[in-house]
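Enquirer: Submitted below is the structure of interest, expressed as structure tokens.
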Ligand SMILES: [Cu+2]
């Protein structure tokens, strides 16, 4: 029998697993399910390069209701490791892509033009988006001359019906009504079979929604409100991204056997820079933490964290945390108060789930004294509390390695299938169970965590979420509110290797 080991020595043999797996070494919390891919390039020393702040996307046009943007997905060369050039696939040729700053109630239309050699699908993660613009994995923008029939190939037992595929020639508009409150969203690639390698190459960015309720609070703003997209990557001897794909043209899907459980990089990037340093004033800062890693979980600690928001928006009240665990796809909105530190102090945000170099993340250097205009009020925004009795239905979704495939309820992804049909404007109790670490993401609908393996939710589980970290043998109950739009959406594991290897399912809001 093949043996599965998670964490430190992640070895996963899928061939011949025949649905039977032995799990060992799961007693200690770890970086998730995956295997470290070592860099061949010399790894740079930490805390030498400044934290990049992604540029804010500019509108190309505005009218009474709508802000219009244009984004080009293209190949670019950027300096990530000091002194070498890395080829990336980026929105506007940058990694991360530009930060969008949207407003509740103002519609956003993003025209995406694909100049990459492969199809793409762009998902606004956390967006309350009509199904046509949700970035379905089979709803693709294909580059000029791309042979679309090659997209219908099937692997890992996934069932692909050619009728489910949609192809847009080179460009398309994504329409985001922004009927949602202030929140930290992000956008990333969601192409069927290839989300993992395409996000790894750089297709990800922050999308921040603001509203009047948030403005009234007096939270840190302007250059003291900073997205931090954290991800791990590996590099080859030439400084190019290294990834264990079977086909570097990304025509045929899959990764080499030993990485089917997930890919961990050994270089931690924040906003695309390795272990950067940020000079701060001795005031409060607001950081939008986004875990853009394929598989790696982090437990962030080392600086005083006050959580003010979760995936779907601000909390009812701030929560003081000693450490914060963030799984792939999750976001946490936090305030760090540097006022207690004299100028010259250095504080390091570390990762308690890492080892060696992956224990470090980002350094703050208190560089100047300033008067702080910001506050963190004891009460933030009203958040209705869902209760168990609000649920009109209960469903269970089991995330599991079965028959050598990553499955949900025993089934690999079926483009035509649907596992649930919740009614619009109702609440359901969904119970997620798992064998390994699976960060579960539900499109469109937001939820509240009700329990974790029979216990109360954790301190950082509060508020509206769209992604929740399920631990090995964990049972997480969430109350999901189906609001916004009818139509077909999906849920999936946000370990991107699991996602690409069939751990997705459709559901229909009716
Ligand atoms: Cu998973």
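The values are calculated or read from the model by the stated rules, or taken from the named source; none is laboratory data. What you are looking at is a predicted structure, and each value in this text was computed from that prediction instead of being measured. Cβ atoms come from the backbone with ideal geometry, glycine included; neighbour counts cover every protein chain shown.
Enquirer: Of all residues in the range 168-213, which are under 20 Å from residue 67 (Cα atoms) and not assigned by TED's automatic domain parsing to the domain that holds residue 101?
Expert: 205, 206, 207, 208, 209, 210, 211, 212
Enquirer: Shifting gears a bit: Can you go through 461, 456 and tell me which one is out of contact with any strand residue (DSSP E or B) (no Cβ under 7 Å at 6 or more places or on another chain) and either closer than 20 Å to residue 29 by Cβ or more than 11 Å from the ligand (Cβ to nearest atom) (or both)?
Expert: 456
Enquirer: How do the strands (runs of 3 or more DSSP E) wholly within the range 399-444 filter down when requiring 1 or more residues that are closer than 17 Å to residue 488 by Cα and away from the ligand (no atom under 16 Å from the Cβ): which remain?
Expert: The strands (runs of 3 or more DSSP E) meeting that bar are 427-434.
Enquirer: Same structure, new question: So, in the range 345-375, of the ones that are more than 26 Å from the chain's Cα centre (by Cα) and part of a loop (DSSP other than H, G, I, E, B), which residue ends up nearest to residue 36 (Cα to Cα)?
Expert: The selected residue is 345.
Enquirer: Considering only residues that are part of a loop (DSSP other than H, G, I, E, B) and surrounded by fewer than 17 Cβ atoms within 10 Å (Cβ to Cβ), which ones fall in the range 144-156?
Expert: Correct list: 144, 145, 147, 153, 154, 155.
Enquirer: Another question, if that's okay. For residue 342, work out the one condition from (1) part of a strand (DSSP E or B); (2) within 18 Å of residue 277 (Cβ to Cβ) it doesn't fulfil.
Expert: Exception for residue 342: condition (1).
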